[in-house]
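S.K.: One structure coming up, written as structure tokens, with questions to follow.
The values are calculated or read from the model by the stated rules, or taken from the named source; none is laboratory data. Bear in mind the structure is a predicted one, so any value in this text is a computation, not a measurement. With ideal geometry, Cβ positions are generated from the backbone for all residues, glycine too; neighbour counts draw on all protein chains shown. These area figures cover heavy atoms from the full protein model, side chains too; ligands, DNA and RNA do not enter into them. Shrake-Rupley method; radii C 1.70, N 1.55, O 1.52, S 1.80 Å.
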Amino acid sequence: MATIQEQARALGDPTRFAIFEFLRSQDHGRVDVAALTDHVGLHHNAIRQHLAKLVDAELVAETRATPDGPGRPRLNYAIAPATESRWGVTGPYERLSRLLAEVIRSGDTPVEVGRRNIEAHGPAADPDEAVDVLADAMARQGFAPEVRPRRGGVDIVLRQCPFASAALEDPDTVCQLHLGLAEGIALDSGAIRVDGLTVTDPRQAKCRISVVPATD
């Protein structure tokens, strides 16, 4: 895990700070090297070197885009979901606190609050696309999901818990919030539904979201 000092050094370079600020301005969007090259005005090889340092400092997350033709899929970049609010972003516990405040304010259940606090994507073409959207949303929350096919559906295994201490204290609230988020994304897709959440010790992670096609 990167230290505060390592992250501060990574952001101490003006170009890396400019890249970080540009990614921060993109909300939930993911940006490729070409867009960063246009914005910063440096050669793409230099941009890649700066991105590598930001990724090593765990400030930026690197993902592969879905292939859309021959050749290697392009790499996309976004602010790492676990990045703390000290760097000017909305940190994981800040996101959680907003949802918890809504639970208290509204009197609704954590699942209900989770369901309505999703980033809408609209109908998915098929269950595979919907699972990709759900897994991507869980990744942006910091859960490091892994999709594991099984008979009749898939399990999305959450390999880490960014809210381990809070979930250990009150899993009935924290875990149900994120179950609601998963259910809301599935309902929005129209192609899948969440069949349940298997909760484990948050310190060990590996909670499991069971997903089936919506027609089942």
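S.K.: Pairs of Cα atoms under 8 Å, at least six residues apart: use those to get the relative contact order of the chain, whole percent. Working shown, then result.
M.R.: Numbers: 335 pairs, mean separation 35.0, N = 216.
It comes to 16 percent, rounded to a whole number.
S.K.: Just the accessible area per residue of the stretch 4-136, please: how many Å² with a 1.4 Å probe? Intermediate values should be presented prior to the final figure.
M.R.: Numbers: 7750 Å² over 133 residues.
Accessible surface, normalised per residue, equals 58 Å².
S.K.: Further question: Of P127, L36, A10, which is farthest along the charge dipole of the stretch 1-127 in the positive direction, counting Lys and Arg as +1 and Asp and Glu as -1 at C-beta?
M.R.: A10
S.K.: Which value, in debye to the nearest 20, gives the size of the charge dipole of the stretch 147-216 about its Cα centre, when Lys and Arg are +1 and Asp and Glu are -1 at the Cβ? Don't skip to the end; give the middle numbers.
M.R.: Working: 8 positive and 9 negative charges, 88 e Å.
Computed charge dipole of the stretch 147-216: roughly 420 debye.
S.K.: Starting from 0.36 nm per residue, how many nanometres of slack lie between L187 and A65 once their C-alpha separation is accounted for?
M.R.: Numbers: separation 122, 0.36 × 122 = 43.92 nm, distance 2.38 nm.
Stretched out fully, the L187 to A65 stretch lengthens by 41.5 nm.
S.K.: Nearest 500 deg cm²/dmol is fine: what mean residue ellipticity at 222 nm does the chain get from its DSSP H runs of n ≥ 4 alone, each adding -39,500 (n - 2.57), divided by its residue count? Walk me through the intermediate numbers first.
M.R.: Details: 9 runs with 102 residues, N = 216.
Rounded to the nearest 500, it is -14500 deg cm²/dmol.
S.K.: Please state the charge dipole magnitude for the stretch 61-216, taken about the Cα centre, from unit charges on C-beta atoms (+1 on K and R, -1 on D and E), reported in debye and rounded to the nearest 20. The partial results should precede the final answer.
M.R.: On the way: 18 positive and 23 negative charges, 84 e Å.
So the dipole magnitude of the stretch 61-216 works out to roughly 400 debye.
S.K.: Kindly point out which whole DSSP H helices in the chain project their C-alpha atoms 24 angstrom or further along the helix axis while averaging a Kyte-Doolittle hydropathy of 0.0 or above.
M.R.: Details: long enough: 171-189 (27 Å, 0.47).
Taking the DSSP H segments of the chain (at least 24 Å long, mean hydropathy at least 0.0), we get 171-189.
S.K.: Towards the positive end of the charge dipole of the chain, with charges on Cβ (+1 Lys, Arg; -1 Asp, Glu), say which of A167, A186, I118 has the farthest Cα.
M.R.: With unit charges placed on the Cβ atoms, the residue in question is A167.
S.K.: While we're looking at this one, here's another question. Excluding A10 itself, calculate the net charge of residues whose Cβ lies under 12 Å from the Cβ of A10, where each Lys or Arg counts +1 and each Asp or Glu counts -1. Provide the component values of the computation, followed by the final result.
M.R.: Working: positive: R9, R16, K53; negative: E6, D13, D56, E58.
Net charge in that neighbourhood comes out at -1.
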